[in-house]
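Worksheet: the structure to be examined is printed underneath.
The values are calculated or read from the model by the stated rules, or taken from the named source; none is laboratory data. Everything numeric in this text was worked out from a predicted model, so none of it was measured. Here the Cβ is made from the backbone with ideal geometry for all residues, glycine too, and neighbour counts use every protein chain on show.
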Amino acid sequence: MVDENLVNELKEMRSKGPGQPSDALKMYEFIKQLAAENEELKEELEDMDKMVVQMEVTDVDYKYWVSFGEGEVNYGEGVSDDATVTMKAAGATWTGLSSGEIDSTSAYMSGDLVIEGNLQDAIAYGETLGLAMELGAEFLE
């Protein structure tokens, strides 16, 4: 079951606006917990090959990674040696992407979002993240 305290923290973060880059890890914990109980998300993750996405917040030199696939969601601070794709952007761009105010394709085309490595993994990451947030929306209302 998704931890109610975590849901409350995420709601509070949304109402306050941009916080620390490490706040993103709370969202991935939410997705990990959601995947354990939501059959649609669980099946999506089971059908995927594992991908590891390295994230870099360029203006504050903060790095973290997230992996989706083979039935799991994992994440952590720092650099992953197994990254299949790296995405780099300033904090304001990451905030806009996570809130939906900025479209990832537009950010990529304008150079605000730099993607290195397997572009297909970047697209699959975005689709999986979108599905997870859609399925988890009822918790965050």
When residues of segment 83-98 are limited to those that are closer than 27 Å to Asn38 by Cα and in contact (Cβ under 8 Å) with a residue 24 or more places away in the chain, the one surrounded by the fewest Cβ atoms within 10 Å (Cβ to Cβ) | Ser98
Quickly run through segment 80-93 and pick out the residues that are farther than 16 Å from Met51 by Cβ and not in a helix (DSSP H, G or I).
-> Lys88, Ala89, Ala90
Taking the condition farther than 21 Å from Val2 by Cβ, among the charged types (D, E, K, R) and loosely packed, with under 15 Cβ neighbours inside 10 Å, does Glu116 pass?
-> yes
Can you name every residue in segment 113-130 that is in contact with a helix residue (DSSP H, G or I) (Cβ under 6 Å, 6 or more places away or on another chain) and under 15 Å from Gly100 (Cα atoms)?
-> Leu113, Gly126
Residue check: is Ser80 small (Gly, Ala, Ser), surrounded by 13 or more Cβ atoms within 10 Å (Cβ to Cβ) and in contact with a strand residue (DSSP E or B) (Cβ under 7 Å, 6 or more places away or on another chain)?
-> yes
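Listed here are the residues, each with its yes/no results for (1) assigned to a helix (DSSP H, G or I); (2) at pLDDT below 95; (3) under 16 Å from the mean Cα position of the chain (by Cα).
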site: Thr95; (1), (2), (3): yes, yes, yes
site: Ser98; (1), (2), (3): yes, yes, yes
site: Ile102; (1), (2), (3): no, yes, yes
site: Asp112; (1), (2), (3): no, no, no
site: Asp121; (1), (2), (3): yes, yes, yes
site: Ala124; (1), (2), (3): yes, yes, yes
site: Gly130; (1), (2), (3): yes, yes, yes
site: Glu134; (1), (2), (3): yes, yes, yes
site: Ala137; (1), (2), (3): yes, yes, yes
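Results for (1) under 16 Å from the mean Cα position of the chain (by Cα); (2) in a helix (DSSP H, G or I); (3) at pLDDT 85 or above; (4) under 18 Å from Glu134 (Cα atoms), shown as yes or no for each residue.
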| site | (1), (2), (3), (4) |
| --- | --- |
| Asn5 | no, yes, yes, no |
| Glu12 | no, yes, yes, no |
| Gly19 | yes, no, no, no |
| Glu29 | yes, yes, yes, yes |
| Lys32 | yes, yes, yes, yes |
| Val52 | yes, no, yes, no |
| Glu56 | yes, no, yes, no |
Condition met for Ala24 (outside any loop (DSSP other than H, G, I, E, B) and exposed (fewer than 15 other Cβ atoms within 10 Å of the Cβ)) = no
Candidates Val7, Val73, Val53, Val2, filtered to the one that is of a type in the set (Val, Ile, Thr), within 16 Å of Ala89 (Cα to Cα) and touching a helix residue (DSSP H, G or I) at 6+ places or on another chain (Cβ under 9 Å) = Val53
